[in-house]
Amino acid sequence: MITELFKHKAVIICGHFGTGKTNIAVNLALEAANTFPDICIADLDTVNPYFRTADNAESLRARGVNVLLPQFANTNVDIPSLPPAFPLIFTAGCHSVTDVGGNEEGATVLRGFAERYEQIGYDMYYVFNAFRPENVSAEYAVYSLRAIERASGLRFAGIINNSNLGAETDISVTAGAVVRAEAFASAAGVPLVMTTAFEKNAFPGCTVIRDVTKKLF
Amino acid sequence: MSKMLMKGNEAIAEAAIRSGCKLFFGYPITPQTELSEYMAKQMPKRGGLCLQAESEIAAINMVLGATASGARAITSSSSPGISLKSEGISYIAGSDLPCVIVNVQRGGPGLGGIQPAQSDYNQATKAPGHGDLHLIVLAPASVQEMASLTGLAFDLADQYRMPAMILADGALGQMMEPVDFEDRTPRSLPEKTWACCGHANKREHNVINSLYIQPNVLEDIVVERFKRYKEVEKNEVMYEEYMCEDADVVIVAYGITARIAKSAVKEARAKGVKAGLFRCITLYPFPAEQLKSLSLKVKRFVSVEMNMGQMVNDVKVAIDCRVPVTHYGRTGGVIPTVKEITEEILRLSAIKEG
């Protein structure tokens, strides 16, 4: 169950951009809605105006998830902004998933809230996809992980291995990447807590998630 | 090298570096920015230079200077930025310099928006700058093609000594698909004997220029250049036909719209309508002859574009208006859905000719 990621009330999803952070965050919020009626998801992506949590706002709300979006998500306003209701996750005592933008640039926004995350208790996870160019070398992936910790002022609790090749993913891809994820986790000194796969590519020990990425065709 | 999962913008950048392009000049703009970001991170590590210019105009003129020395260079932008580059593009074409220009299109006119569009088709194929000129215009429809057509664009540009454009859009730039960078073989190309790279007192000095004092000299130069364009038109047309053999209604599309249209063709076929897709891969040269042959077999064409109707006119001209050609489009950053294109195919197939 993906909800195993909740050790504290706040889960933060970070990583290199394009590793599937939003897909993980949305899956987690949808699943957590069964256990935690107070679940919130906050879209804190200040980096990329395309393919974001807002694409899933309808299905999330239908499951009772409180969706906190920046006012300008999916519009032509190309400026970084935070959801006005975002501080709710610190004051309301609710369970929350924070979906953060890619790389250290995306994680910088967390810095101003680091103390408040510390106060309520958080688990920050690094989403890893071995098939993204800058994760091909474990060395760079470790650099990226450390850079996110420096930028956010927060510590990673674990690594989520979300390795995939889009539509060309099969079991050899998902299962085959586990060794690389383990090597990365060992080099980073952060535990590998989960490997995800869609149902058709699932293998023993993985956590099954759904593809919630917006489909154009 | 195994496949990687990449954004279209990243794939163009990586393909350019692998094509021996070590010079990127650009100015950031959504939805193209990952391309410059990738260049900024990779070029210094790989012996190249990524320079963020003070403006799009500066960037395109840096490309002019760099390519005059015989180096491969690339610049990228999105719609409003391409308009700014148009003077430089014309100078590059007038100087017979090869380069690659990337347009990751967004909604316009004016500042428009940041969501995907295809409304720069006319600009790219008809008037990318002032004067009698053409760019080679390649229209990728997948992240794989963002990579492979970038490699091809450099080769074509060098072979014909002219600028080549990758005409993409925000959706292709931002979406992620697997990509293999070893799927094409580079062409063998002539030596750049014209380059201004130092004559070392061993040959006459070369001059790169687009100014001519005598009108008849300029005319001769332009006429000669158009002979090269004829070669491009004869040799370099690329297109893909999908289920056109027995089709009544054929969609003509390129880029992301062709991907959506392909799904619509399948849906229309499932509903009993003989639909097909003609995908233009080169927009200049335009696959006019191929469309003309196809027009002998089909009942009508519909040009599906993310604009108010631009390529539709080239389709009409290509087929001498032999059968009806209509346009279906969304604009302003709105992407048509599979459902609405399917409905348009069904609507058109129900029209009785008379």
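The values are calculated or read from the model by the stated rules, or taken from the named source; none is laboratory data. These numbers come from a predicted model, not from an experiment. Positions of Cβ are backbone-derived with ideal geometry, glycine not excepted, and every protein chain shown enters the neighbour counts. All accessible areas refer to the heavy atoms of the entire protein, side chains included, with ligands and DNA or RNA removed. Shrake-Rupley method; radii C 1.70, N 1.55, O 1.52, S 1.80 Å.
Exactly one residue among B:Asn201, B:Asn209, B:Asn216 is touching a residue at least 12 places away in the same chain (Cβ under 8 Å), out of contact with any strand residue (DSSP E or B) (no Cβ under 6 Å at 6 or more places or on another chain) and outside the structural domain of B:Ala139 (by TED's automatic domain parsing), and that residue is B:Asn209. When B:Glu177 is tested against (1) part of a loop (DSSP other than H, G, I, E, B); (2) within 11 Å of another protein chain (Cβ to nearest Cβ), just one condition goes unmet, and that condition is (1).
No other residue among B:Val237, B:Val232 is closer than 30 Å to B:Leu277 by Cβ, touching a residue at least 12 places away in the same chain (Cβ under 8 Å), assigned to a loop (DSSP other than H, G, I, E, B) and β-branched (Val, Ile, Thr) apart from B:Val237.
On the stretch given as the stretch B:229-278, residues that are polar (S, T, N, Q) and in contact with a helix residue (DSSP H, G or I) (Cβ under 7 Å, 6 or more places away or on another chain) total 1. The condition of being more than 14 Å from every other protein chain (Cβ to nearest Cβ), open to solvent by 10 Å² or more (accessible area, probe 1.4 Å), in contact with a Lys or Arg (Cβ under 9 Å, 6 or more places away or on another chain) and at pLDDT 95 or above holds for B:Leu133.
Here is a yes/no grid of residues against (1) β-branched (Val, Ile, Thr); (2) touching a strand residue (DSSP E or B) at 6+ places or on another chain (Cβ under 8 Å); (3) in contact (Cβ under 8 Å) with a residue 40 or more places away in the chain:
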site	(1), (2), (3)
A:Lys7	no, yes, yes
A:Ala33	no, no, no
A:Asp55	no, no, yes
A:Ala85	no, yes, no
A:His95	no, yes, yes
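Residue check: A:Asn74 meets all listed conditions (1) away from chain B (no Cβ under 13 Å); (2) farther than 21 Å from A:Leu154 by Cβ; (3) in a loop (DSSP other than H, G, I, E, B) but one, namely (1).
Please verify whether the stretch B:105-113 includes one or more residues that are open to solvent by less than 10 Å² (accessible area, probe 1.4 Å) and more than 14 Å from every other protein chain (Cβ to nearest Cβ). No. When A:Thr3 is tested against (1) touching a residue at least 40 places away in the same chain (Cβ under 8 Å); (2) surrounded by fewer than 24 Cβ atoms within 10 Å (Cβ to Cβ); (3) under 14 Å from the mean Cα position of the chain (by Cα); (4) outside any loop (DSSP other than H, G, I, E, B), just one condition goes unmet, and that condition is (1). Residues of the stretch B:297-338 being of a type in the set (D, E, K, R) and closer than 30 Å to A:Thr75 by Cα, which ones? Of everything in the stretch B:297-338, those that are of a type in the set (D, E, K, R) and closer than 30 Å to A:Thr75 by Cα turn out to be B:Glu305, B:Arg330. Candidates in the stretch B:300-327 are the residues that are in a loop (DSSP other than H, G, I, E, B) and touching a residue at least 60 places away in the same chain (Cβ under 8 Å); of these, the one that is most open to solvent (accessible area, probe 1.4 Å) is B:Met308. Would a scan of the stretch A:182-193 turn up a residue that is more than 30 Å from B:Tyr254 (Cα to Cα), hydrophobic (A, V, I, L, M, F, W, C) and open to solvent by 70 Å² or more (accessible area, probe 1.4 Å)? No; the residues of the stretch A:182-193 include none that is more than 30 Å from B:Tyr254 (Cα to Cα), hydrophobic (A, V, I, L, M, F, W, C) and open to solvent by 70 Å² or more (accessible area, probe 1.4 Å).
For A:Ala157, the stated conditions do not hold, so it cannot be described as touching a residue at least 40 places away in the same chain (Cβ under 8 Å), surrounded by 18 or more Cβ atoms within 10 Å (Cβ to Cβ), within 14 Å of another protein chain (Cβ to nearest Cβ) and small (Gly, Ala, Ser). Of the residues making up the stretch B:203-262, just one is within 14 Å of chain A (Cβ to nearest Cβ) and surrounded by fewer than 19 Cβ atoms within 10 Å (Cβ to Cβ), namely B:Tyr242. Could you say whether any residue in the stretch B:97-113 is more than 13 Å from the chain's Cα centre (by Cα) and part of a helix (DSSP H, G or I)? Within the stretch B:97-113, none of the residues are more than 13 Å from the chain's Cα centre (by Cα) and part of a helix (DSSP H, G or I). Considering only residues of the stretch A:41-57 that are within 23 Å of A:Ala92 (Cβ to Cβ) and surrounded by fewer than 20 Cβ atoms within 10 Å (Cβ to Cβ), which is nearest to the other protein chains (Cβ to nearest Cβ)? Here the answer is A:Thr46. Only a single criterion out of (1) away from chain A (no Cβ under 14 Å); (2) farther than 27 Å from B:Gln144 by Cβ is not satisfied by B:Gly332, namely (1). The listed residues are A:Ala177, A:Ala92, A:Ala141, A:Ala85, and the only one of them that is open to solvent by less than 10 Å² (accessible area, probe 1.4 Å) and over 18 Å from the mean Cα position of the chain (by Cα) turns out to be A:Ala177. Among the residues of the stretch B:277-293, are any over 23 Å from B:Ala168 (Cα atoms) and surrounded by 22 or more Cβ atoms within 10 Å (Cβ to Cβ)? No, the stretch B:277-293 contains no residue that is over 23 Å from B:Ala168 (Cα atoms) and surrounded by 22 or more Cβ atoms within 10 Å (Cβ to Cβ). Counting only helices (runs of 4 or more DSSP H) wholly contained in the stretch A:109-181, the ones carrying 3 or more residues that are under 30 Å from A:Pro87 (Cβ atoms) occupy A:114-120, A:138-152. Looking only at residues of the stretch A:98-154 that are at positive phi and touching a helix residue (DSSP H, G or I) at 6+ places or on another chain (Cβ under 7 Å), we find that the one that is nearest to the other protein chains (Cβ to nearest Cβ) is A:Asn103. The sole residue among A:Ile171, A:Ile120 that is exposed (fewer than 15 other Cβ atoms within 10 Å of the Cβ) and in contact with a Phe, Trp or Tyr (Cβ under 7 Å, 6 or more places away or on another chain) is A:Ile171. The criterion of being acidic (Asp, Glu), more than 30 Å from A:Tyr50 (Cα to Cα) and in contact with a Lys or Arg (Cβ under 8 Å, 6 or more places away or on another chain) does not hold for B:Asp314.
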